[in-house]
Amino acid sequence: MKVLGAYEKARIYIEKHYRDSEEARIHHRKLNPGPVITISRETGVGAAVICEKLVEYFNKRAIEGYDDWAYFDKALIEKIMEDHQLPDHFRKYLHEEKPPKIETWFGELLGVTPSKILLLRKISQTILKLADFGNVIIVGRGANIITAKRKNAFHIRLVAPLSYRIENACRLYNLDYKKAADFIREEDDARKQYIWKFFHKNIEDPLLYHAVINTNLMNPDEIAEMIGQCIVRKFPNFFSKEKILSLSA
């Protein structure tokens, strides 16, 4: 049996909810959206592995019609591009979680580069569109702030000690310690600036999240289990008691 990757699962989710002609089913889903989990993370905490395990956890326990969980990280960029029919050169700007530099502002004025405010509006529209159906995990992009008023949203911040994250970056990206440390600090700083400039929030403020988890103190399976149990208890109508009992047996 072919094992689908995160991107393929995201594509299936998109095709199901945005190209399906079964209008009654789509209408029902929009009236009863599944949970939305947003993940804010420090660089190098291992968020991708945790998201994959969460998707598996939820799909095994979901009721019929809500077993289509997917997570959007890099796939979110493709969804934004598709939703708004953006030209290909916009992709590199969407990948950046950092405020524009002075030369970028001149580019915007001259019409050479896209306006960051315009892109932020399109990112927000797509994130809210995903939240309309639920059963999604959205990583980064200020998704916790964008969906703050949604009752079906649950917000998580993943953190870990700097030394642990640097070691992860060394292993994942085949970098020496200094380059990995520089990479971690640059990415963390960019994310802080992004949230502050566009949302006027401190990304490290624990009050923005339901839970802040240190990934150095538990393995990915334990973290997924903990988050999964929280979601099942908070949104029980979307999960099958029989499936939960059979998995616990």
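A short reminder: the numbers here are calculations on the coordinates, not readings from a lab. The model shown is predicted, which means the values in this text are computed figures rather than measured ones. Here the Cβ is made from the backbone with ideal geometry for all residues, glycine too, and neighbour counts use every protein chain on show.
Structure values in brief
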read-out: Charge context of Leu208, other residues only, Cβ under 11 angstrom, K/R +1, D/E -1; value: 0
read-out: Contour excess over end-to-end distance, with Cα ends at Ala190 and Tyr177 and 0.36 nm allotted per residue; value: 2.7 nm
read-out: Against the rule of thumb 2.2 N^0.38 Å, how large the Cα Rg of region 178-219 comes out; value: 1.40
read-out: Sparse-neighbour loop sites [GluC sites (Glu not before Pro); region 27-64; at most 11 other C-beta within 10 Å; DSSP]; value: Glu64
read-out: Translational D in µm²/s for region 124-175 (Stokes-Einstein at 25 °C, 0.890 mPa s, Kirkwood Rh from C-alpha pairs); value: 187
read-out: Kirkwood Rh in Å, taken over all unlike Cα pairs in region 163-249; value: 16.2
read-out: Spatial extent of region 110-225: Rg and Dmax, with the Cα atoms as the point set, Å; value: 16.3, 50
read-out: Extent along principal axes [Cα atoms of region 201-249; Å; largest to smallest]; value: 41, 25, 8
